[in-house]
Amino acid sequence: MADWRYKNELIFRISLALSRLKAWWYFVRESDRKNIDRRFLKTHGYPMDWDNPKTLNHKIQWSKLNSHKLEYTALADKLAVREFIARELGEAYLIPLLYRTKNPNEMKWEDLPEGGFVVKANHDSGSYQIFRDRSEVSLDVLKRQRVVGGYPRIIIGSIGSRSIAILFREVLIERLLVGADGKVPNDYKLNVFQGKVGFIYVSVDREGSNKRNIYDRDWNPLHFTWAAPSKDVTKLRGEEIEAPALLPEMIRIAERLGSMFDYVRVDLYEVDGKIYFGELTQHHGGGYDRILPLEWDYTWGELI
């Protein structure tokens, strides 16, 4: 997998040198552990435990400092991961890619598709823009948005605090998935522990009620929340929804993709009888989203 985006040996050597430089800088300035310790306690209300991590959030933090495989960083690249999915599952599971560019300043209005589409950056998490049609787009405004503008062309990035690699920043445009009802589909986030789906976190009706429901692998409701501290958890859950028709296949796909990780979140969509891949996430919420009631944090931590 590592040769997808890192074929040049020189890039490997530069990445290694930058990794050592970054580690030295953290040592001089302040250790990663101290930074995480302080924020973790403030966020979760219980201390980080590096020697005997027990909760899921403990183990996400531990992974950030100790899982340094280069291919993990490659899988965080929204373009590189498409190559992996095409090989593992087949191109039919990929959301159609309509446009890509390494220089967003060269984007032209006619480059934008006429139907619905989503604009993303290959290296970033959480920033994207949805458009139902290019008639909604002011290209000048779009180029000033975070998803397109404001980043260098080469990203010295990481998925762990000291796991550093070079990503060549690109902007990509994917087809907007829309169901027969005209709505954006639910986002099924299958959380995989040691190759087995433990629970499914669903973003429901994202353009409408925008709720968050959680189910076990047999689609029984699980009554806990996993959200940023700023969220009002009393308003997160919506009305119960039916299981997706292709749930067994979703679980099979998630467990196949998750077999290489201790823990990973596999995001999938179901649209008109087809499953589409969304993304792989190893560090949900950076390990700072609260799991409440707290006993569930320990429950899922035991599976790793």
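The values are calculated or read from the model by the stated rules, or taken from the named source; none is laboratory data. Quick caveat, the model's predicted, so the values are computed rather than measured. Glycine gets a Cβ as well: all are built from the backbone with ideal geometry, and neighbour counts include every protein chain shown. Just the protein is used for accessible areas: all its heavy atoms, side chains included, with ligands, DNA and RNA removed. Shrake-Rupley method; radii C 1.70, N 1.55, O 1.52, S 1.80 Å.
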Please give, to one decimal in nm, the separation of the simple spin-label points placed at residue 175 and residue 41, each 7 Å out from Cα toward the Cβ.
5.2 nm
Return one whole number: the accessible area per residue of segment 157-288 in Å², for a 1.4 Å probe.
40 Å²
Cα-based Lys pair tally, segment 173-304, threshold under 18 Å, eight or more apart or on separate chains
6
Shape category assigned to segment 235-304 from the gyration tensor of Cα positions, a/c cut at 1.5:
oblate
Using label points projected 7 Å from each Cα along Cα→Cβ, tell me how many nm separate residue 216 and residue 54, to one decimal.
2.2 nm
Amide proton proximity set for residue 98, modelled H, under 5 Å, gap of 5+
173, 174, 175
So the FRET efficiency between residue 111 and residue 236, C-beta based with R0 = 45 Å and rounded to 0.05, is 0.75
Just subtract the alpha-carbon distance of residue 246 and residue 141 from 0.36 nm times their residue separation and send over the number in nm, one decimal.
33.9 nm
5 angstrom amide H check on residue 222, placed H, neighbours 5+ away:
214, 215, 216
Sticking with the crude label model, points 7 Å out along Cα→Cβ, report the distance from residue 87 to residue 101 in nm, one decimal please.
3.0 nm
Once the piece of chain linking residue 274 and residue 223 is laid out straight, how much longer is it, given 0.36 nm per residue of separation minus the C-alpha distance between them?
15.5 nm
With 0.36 nm assigned to each residue of separation and the Cα-Cα distance removed, residue 292 to residue 207 gains 28.1 nm
Relative packing of 196-207, 96-107, which averages over residues the other C-beta atoms within 10 Å, highest first:
196-207, 96-107
